[in-house]
1. Answer yes or no: is there a residue in region 200-213 that is under 21 Å from residue 5 (Cα atoms), outside any loop (DSSP other than H, G, I, E, B), over 18 Å from the mean Cα position of the chain (by Cα) and at pLDDT below 95.
2. Within region 128-157, track down each residue that is over 25 Å from residue 195 (Cα atoms), in a helix (DSSP H, G or I) and out of contact with any helix residue (DSSP H, G or I) (no Cβ under 8 Å at 6 or more places or on another chain).
3. So the check is Cβ under 7 Å with 6+ separation or different chains; which pairs have a first residue in region 177-192 that's free of Cβ contacts under 8 Å to residues at least 12 places away in the same chain and a second one that's surrounded by 13 or more Cβ atoms within 10 Å (Cβ to Cβ)?
4. Kindly evaluate residue 169 against the criterion of being free of Cβ contacts under 8 Å to residues at least 40 places away in the same chain, crowded, with 19+ Cβ neighbours inside 10 Å and in contact with a strand residue (DSSP E or B) (Cβ under 6 Å, 6 or more places away or on another chain).
5. Quick one: would you say residue 160 is closer than 26 Å to residue 33 by Cβ, in contact (Cβ under 8 Å) with a residue 24 or more places away in the chain and not in a loop (DSSP other than H, G, I, E, B)?
6. Within region 29-58, work out how many residues are modelled with pLDDT of 95 or more, more than 22 Å from residue 233 (Cα to Cα) and surrounded by fewer than 22 Cβ atoms within 10 Å (Cβ to Cβ).
């Protein structure tokens with residue numbers, strides 16, 4: 001049975017018209033377009049709705065992620081105490097070479113794909129079934145592990161989300177990787193949430209679209225969005 005999930009972003013959920021089927025999704029776009037804010041908002045809203053969250057952070061420490069989320073009044077620390085929200089820290093030990101292990105679920109190397117997957121499974125076992133798994137980011141994994149290892153990781157993550165009826169989101173940055181690699185990841189995921197900057201008459205806007213949700217839905221027309229103090233907000237459809 002395929003479970004369905006709300007993203008928790010009101011405009012986004014109403015735009016889709018239905019909940020997202022469990023599966024693996026690529027969040028693709030250029031630097032600073034809002035990819036991390038998007039997954040952070042989904043993570044917080046999911047925990048707020050009592051859906052478990054495993055957040056795999058490779059780009060920054062869990063403490064920094066939490067600080068950035070608090071800028072939008074998204075405080076996940078109460079959910080951590082309930083074991084509803086777990087960070088998998090792939091940043092602190094790897095980048096700082098620190099022996100300090102504040103986080104229960106940490107990895108020392110981004111080249112050991114099987115270890116990273118096993119720690120994600122352990123974290124998910126603690127939070128419970130279903131829920132959300134976020135990888136932020138696949139771009140960082142590609143920078144440290146060769147493409148074949150990163151591809152194997154994504155196939156393993158896809159198998160995990162299918163087995164446990166989860167939503168999986170993997171963030172990847174346009175322009176950092178060969179098209180062949182991007183297309184390979186597009187091939188194995190269930191859907192793509194794509195973001196871009198667009199300039200019209202010297203005005204720069206952010207836009208988003210959805211390509212495939214389990215072969216069920218595609219919203220191929222680009223829709224404008226803004227980043228507000230409350231998070232991502234989509235522009236009206238008739239704009």
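1. No, that holds for no residue.
2. If the condition is that a residue be over 25 Å from residue 195 (Cα atoms), in a helix (DSSP H, G or I) and out of contact with any helix residue (DSSP H, G or I) (no Cβ under 8 Å at 6 or more places or on another chain), then 148 is the only one that fits.
3. Correct list of pairs: empty, since none qualify.
4. Working: free of Cβ contacts under 8 Å to residues at least 40 places away in the same chain: no; crowded, with 19+ Cβ neighbours inside 10 Å: yes; in contact with a strand residue (DSSP E or B) (Cβ under 6 Å, 6 or more places away or on another chain): yes.
No, not satisfied.
5. no
6. 0
The values are calculated or read from the model by the stated rules, or taken from the named source; none is laboratory data. Predicted, not measured: the structure shown is a model, and the values here were computed from it. Backbone-built Cβ (ideal geometry, glycine too); neighbour counts: all protein chains shown.
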